[in-house]
Every structure is written in structure tokens, then in C-alpha cells.
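Every number in this text was worked out from the coordinates using simple rules, so none of it is lab data. This one's a predicted model, so the numbers in the text were calculated from it and none came from an experiment. Because the Cβ atoms are built from the backbone with ideal geometry, glycine has one as well, and the counts that use them run over all protein chains shown.
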């Protein structure tokens, strides 16, 4: 009997069309897998089995009746708990929202429903997407399926771990400084942050509004492309939504698989290598460069000197925007309330109990950076650095069609190892943050396994704003060349998880 | 720029409406001071001639016609509130000392 959880979304689509499998069978197989392994992985905060099966039954009946169905109809999906979903609790990983049921759907949630994709459940995340390890979730950490003692990345560790442990073929993530790409890298999966504005943020609980972007998580580049096209597009409910057609990601991925990159210039970012980068990560990165060269690409070196200041600028801009966005958790309209006399004292007590340490740190840092007397030196300077980083990218894209780097400097660390050292934790995102500051799209795909620890490594591809399709072409070409060497996807090399009795 | 002191953290937490115990302040103050020291270098790099970027992709204001459209019902809007009464959010006392 075929184990459908091991199939790609593209294979599931073909099999449903050929009558080899039903959506109910696919959905049930993934719900069974969640029951088997999620006790150990803890990728899900909420499992939505009943509704998922109901959607699946509807798709099967419609197919039976010969109705036209959307491409991904019947393919199950996991959704990061940052997206509001009517009829399912939404917490953003925070105790302050425990048990809250949103009265409306996010635009991306609505699009998944219109695409008739069964939603398997809501995935774990660092509280309000603040973190790189999912250890800052108010509901306990998610474990990396490659080694359960290690972090699955963050903030979207739940989404990436669900895919890497075959609990879902696809998932939704959100990326403010790398929260899709870094978890993809450390779980051996694919993750894409689209161009800022390419996917509506309406109904995504805001962290830093000028940096946040939703995107697809998958095990193959083509699957990510299929989901990207469902999620993307203009939305009048988001004032920063781009009013332009969705990029042709699927066509680009299929073109890439033909394997000819003649004439493509790939720029290696000099500053994202060397000190702090693990040997095995750099080794696999260099091997991937050789593969691209073998497909006809020209490799050039580019320099982005202002990246040195990206992390510092990010940790001023993000907390500033977050401190403002999180003011709405005031014990009045939704979520927790800890009564303590008058309304002001009740707010203070509620936020003390409802927020975790990382959220408190960032709110206080943001309050400080925006306060009178410090605004120009901190927030104002950080916004100028943002301009310098955009200029660096502009100059680099004069010399290259795409830019590349390792996605993360190291393979995943052990749970608990950096929890009391926020600065060490922040270094995870050093290679992913510049794309968010500049609004450009980025992808991470597996580049192999680090020889020294047997854990996955990631390859990051960045493209100019609006040129998302370019990453899919290069990514699919590289993925195919690497898979030929590995004899399949990287995920299929992960150790088998023990199945619960 | 000066580093962040424990008393600064206490004042900022009050401004941000987050109650802090002495233990919280002990734990978070050192970490916050280290973070502030490490991010302060942003002030070194960009000169007066560099414009600030607040938004990554250039775009103009977005408008829509000022028309009544369907929205949440009163019941739905209040459904997630800790307390509601007579179609309104109910809050603890706002003015004066403790009730």
C-alpha cells in the first residue's frame, strides 16, 4: 500500500486526478501520521480533523461529479498559528490569546478555503513570531524531526517540522527576519518569503508591519510554487498589497527542472561567509555552487558592506514596530484578563502574565528606541541603514541575476542552549534579515547534510523585488541536480521517527 | 549613547504596561543592556545625507470609496472579549483610585 504522506503535493494532485487516491484518504493519512508522531514533534497547537475531512469529502464528491476544481483542491495543508482562522483557535503562540476564536478569516485562510484545501490544523511558533527556535512558544517547544533534542528553527518551527516529519505536504509560514527560511534550512525543507506585498497580510497577527510577509513551506520547490500562486495576489484589505499579477512561480520551477542555466549570473555575497559559519554548512554551499556552475551558470562575487549593520538595524526596527502592534493586547477586546483594580493596573497585570520573556524584552526595547531623546539615534539611524542595505542590493543586482548565501550560519542547536542568551539567538538570522529590510524575495532549499553532525544545511537564493519567479527557476534547477546525487529529496534521508503506540 | 540601567527598564515597563517584579527586572535588565549596546552601532554608519526608509517597496496612498460595507456583527465583535455587557466591551474602573 502506498504511504501517501511521503508523496509531494504535485504527485498528490496527479494521483487524485488519475483516481488513484481520494482527498479523504490523503487527509486521513496525514491525520493518522499526526496522531503517530506529533506527541514527540509537537508541531501542532490545534488539530482540525473533523473539518479537514469534511472539506476532503466535498472535494471528492465534486471530482466524482466532474466539476472543475482548483489545482491544489484536496491537498491537505498546515497553517501557522499567526493566521486568523474562523472556527479554529488562534493564539500566535501566546498565552495571552489562549482559547481565542477569531470572528473572521485572514485573506490567506480564505484563499486556502477557496482552493478547497483541507486545513489539518494550526502549527506552533515562537510567541508572536519573536524567535528563531520555537522555544519561545507559550505552549512548549517544537522538536526537530532530524534530532528531537534540537530546535526546528523559528519562528515557524511548527510549520517546517510538520512538513519534515510527513505530517503535512504543505504549510503556511510567515517571515519577518527569516522565520520561513531559517526553519526550512534546519529541517531540510523548502521555504519562500515572497516580495513584500506579494501576499496579503490581512488577518496575519502583525509583528513588524514593514517586514512581515507570508509565504509557502514545502518539501520541493515545485510544491512551494504551487502554494505561492494560491496565496499571492492583490488584496484591497491590505494597504501594502502589491497591485500586480501573481508571479508565474510554477512555470519557472518547471523551466528550472530542464536544467539549463546558461547565461544566469549567480552572485555570492562575500559578507555572508567566513567567521561564524560552520565548516559543513560552507562545504555544502560550495558544492551547490559547483552544481549551478555545471548547469551553465556564471558565479560572481558581490560585496554588501552595509550588511554588517543589518542585524542591529533589524533589532531596532522590529521591536519598535512590535511594541506598537502589541499594544492591542490590552485585556479589553480579546484574550486574557487578569483583574487588578482599575483598567490600567489590569492591563499591566494581564500583559505581565500573558507575555513571555522574549516578547517583554522586545516591547521594552521598542518602547526605548521610540522614546523622546533616543528616536533619532536609534530608530532614525536604523531606517537610514535600511536605505544603505537597499543600495547594496541594487549594486549587487547590477552584477548578478540572483544572490546566494548559506541560509543559516550553523545547523540547528540543542533546545535550551541559547535560551538565556538573546544575542546568540539573534545571530541565527544574520543571513536572512537583509532581504526583509529591503523587501526582496528569498528562498531556502536543502543543500545537504553537514558531515560533522549529520544535520541539514540550507542554500538561500535572493532575487530583486517582484522577481520571485527567478528564485523558483534557479532553485528547481539546483534541487534537481542535488536530488540526482542523493537519489531523492533530502527529507527522505531523515531518520525515521518512532511511531506512538 | 548611554547604556540601559535597571531604573530605565522599570520606567519603560511601566510605560509599556507590563508589571515587573524585582526578579523580572534583575533578569531582563542585564540582557536588555547587552542588546542596546550591540545595536547602538547603527548610529555610526549613516550620515546626514542618507534618507530614511520606512517602507521597503515604494507605493502611493491607497484609497477606497467611502461606502457602507458588510462588517462583523456586534455579537461577533464582542465574542472574544473577556467581558461584555449590553453590546459593549466591559472594562474595570477607568477613572480615580481603585474600586
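Given the range B:6-45, what whole percent of its Cα pairs are spread farther than 14 Å? Walk me through the numbers on the way to the answer.
Details: 399 of 780 pairs.
More than 14 Å apart: 51 percent of the Cα pairs in the range B:6-45.
Under the 0.36 nm per residue contour assumption, what length would be gained going from the current alpha-carbon distance of residue B:72 and residue B:57 to full extension?
Extra length from residue B:72 to residue B:57 when fully extended: 2.3 nm.
Shielding by partners for A:330-340, please: the mean number of other protein chain Cβ atoms within 10 Å of each residue's Cβ. Please list the in-between numbers first.
Numbers: counts 2, 6, 7, 8, 7, 3, 1, 5, 2, 3, 3.
The per-residue average across the peptide is 4.
Just to be sure I understand: of the beta bridges DSSP finds with both ends in chain A, what percent are antiparallel, rounded to 5? Display every interim value, and only then the final one.
Working: 29 of 43 bridges.
Given both bridge residues lie in chain A, the antiparallel proportion sits at roughly 65 percent.
Place a point 7 Å from the Cα of residue B:11 along the Cα-to-Cβ direction; which residues of the range A:362-388 have their backbone N under 13 Å from it?
Taking a point 7 Å out along Cα→Cβ of residue B:11, the residues of the range A:362-388 whose backbone N falls under 13 Å are A:368-369, A:371-374.
So what is the relative contact order for the range A:193-342, in percent, with contacts set as C-alpha pairs under 8 Å and at least six apart? Don't skip to the answer; put the middle values down first.
Details: 152 pairs, mean separation 34.2, N = 150.
Across the range A:193-342, relative contact order equals 23 percent.
Relative to the compact-globule scaling 2.2 N^0.38 Å, provide the ratio for the alpha-carbon radius of gyration of chain B.
Working: Rg = 22.5 Å, N = 99, 2.2 N^0.38 = 12.6 Å.
Normalised Cα radius of gyration, chain B: 1.78.
From Cα coordinates alone, what are the radius of gyration and Dmax values for chain A in angstrom?
Final numbers for Rg and Dmax: 21.3, 70 Å.
Relative contact order (percent) for chain A, with alpha-carbon contacts under 8 angstrom and 6 or more residues of separation? Numbers along the way, then the final one.
Numbers: 1216 pairs, mean separation 89.7, N = 501.
Dividing the mean separation by the residue count of chain A yields 18 percent.
So what is the calculated 222 nm ellipticity per residue for the protein assembly as shown, using -39500 (n - 2.57) for each DSSP H run with n of 4 or more, over all residues, to the nearest 500 deg cm²/dmol? Show your work: numbers first, answer last.
On the way: 20 runs with 229 residues, N = 600.
Rounded to the nearest 500, it is -11500 deg cm²/dmol.
Could you compute Rg(Cα) / (2.2 N^0.38 Å) for the range A:248-368, with N its residue count? Walk me through the numbers on the way to the answer.
Values: Rg = 23.8 Å, N = 121, 2.2 N^0.38 = 13.6 Å.
The range A:248-368 yields a ratio of 1.75.
With viscosity set to 0.890 mPa s and temperature to 25 °C, compute the Stokes-Einstein D of the range A:398-467, Rh being the Kirkwood radius across alpha carbon pairs; µm²/s, no decimals.
On the way: Rh = 13.6 Å.
Here the translational diffusion coefficient equals 181 µm²/s.
Test of understanding: extend the Cα→C-beta vector of residue A:2 to 7 Å, then name every residue of the range A:18-51 with backbone N under 16 Å from that spot.
Under cut-off, by backbone N: A:18-30.
Take peptide A:306-318, look around each residue's Cβ out to 10 angstrom, count Cβ atoms belonging to other protein chains, and average those counts. List each step's numbers first, then the result.
Values: counts 2, 0, 2, 7, 1, 4, 9, 6, 2, 5, 6, 3, 0.
That works out to 4 on average.
With a 10 Å radius around each residue's Cβ, average the other Cβ atoms per peptide and rank A:318-329, B:43-54, highest first. Before the final figure, lay out each step's value.
Values: A:318-329: 21.6, B:43-54: 13.5.
By packing density, highest mean first, the sequence is A:318-329, B:43-54.
Need one number: nm distance between label points at residue A:453 and residue A:67, each 7 Å from Cα along Cα→Cβ, rounded to one decimal.
Each label point lies 7 Å from its Cα, and together they span 4.8 nm.
State the dimensionless ratio Rg/Rh of the range B:48-99 (Rg: radius of gyration of Cα atoms; Rh: Kirkwood radius). The partial results should precede the final answer.
Values: Rg = 21.0 Å, Rh = 16.6 Å.
When Rh is taken as the Kirkwood radius, the ratio is 1.26.
Starting from the 7 Å offset along Cα-to-Cβ, what nm value, one decimal, do you get for the label separation of residue B:79 and residue A:234?
According to this spin-label approximation, the distance is 3.1 nm.
Order A:211-224, A:403-416, A:236-249, B:68-81 from most to least packed using the mean count of other Cβ atoms within 10 Å. It would help to have the intermediate numbers written out before the result.
Values: A:211-224: 28.0, A:403-416: 22.9, A:236-249: 17.1, B:68-81: 11.9.
For the peptides A:211-224, A:403-416, A:236-249, B:68-81, the packing ranking is A:211-224, A:403-416, A:236-249, B:68-81.
Rank-order A:83-95, A:133-145 by packing density, defined as the average count of other C-beta atoms within 10 Å over each peptide's residues, highest first.
Values: A:83-95: 22.8, A:133-145: 25.7.
Taking the mean over residues of other Cβ atoms within 10 Å, the ranking is A:133-145, A:83-95.
State, as an integer percentage, the relative contact order of chain B based on alpha-carbon contacts under 8 Å between residues 6 or more apart. Could the numbers behind the result be given before it?
Numbers: 32 pairs, mean separation 17.6, N = 99.
Relative contact order comes out at 18 percent.
Subtract the Cα-Cα distance of residue A:394 and residue A:286 from 0.36 nm times their separation in residues, and report this length gain in nm to one decimal. Don't skip to the end; give the middle numbers.
Values: separation 108, 0.36 × 108 = 38.88 nm, distance 2.42 nm.
So the chain would gain 36.5 nm between residue A:394 and residue A:286.
Taking 0.36 nm per residue of sequence separation and subtracting the Cα-Cα distance, how much length would be gained by fully extending the chain between residue A:377 and residue A:257, in nm to one decimal?
Details: separation 120, 0.36 × 120 = 43.20 nm, distance 4.84 nm.
Gain on extension, residue A:377 to residue A:257, equals 38.4 nm.
Going by how many other beta carbons lie within 10 Å of each one, how would you line up B:29, A:165, fewest first? Before the final figure, lay out each step's value.
Details: B:29 19, A:165 28.
So the residues, fewest neighbours to most, are B:29, A:165.
Taking every residue in A:346-352, how many Cβ atoms of other protein chains lie within 10 Å of its Cβ, on average? Walk me through the numbers before you get to the answer.
Values: counts 5, 6, 7, 3, 4, 5, 7.
Whole-number average of other-chain Cβ neighbours for A:346-352 is 5.
How far apart, in nm, are two points set 7 Å out from the Cα along the Cα-to-Cβ line at residue B:21 and at residue A:299?
My value for the distance between the label points is 5.5 nm.
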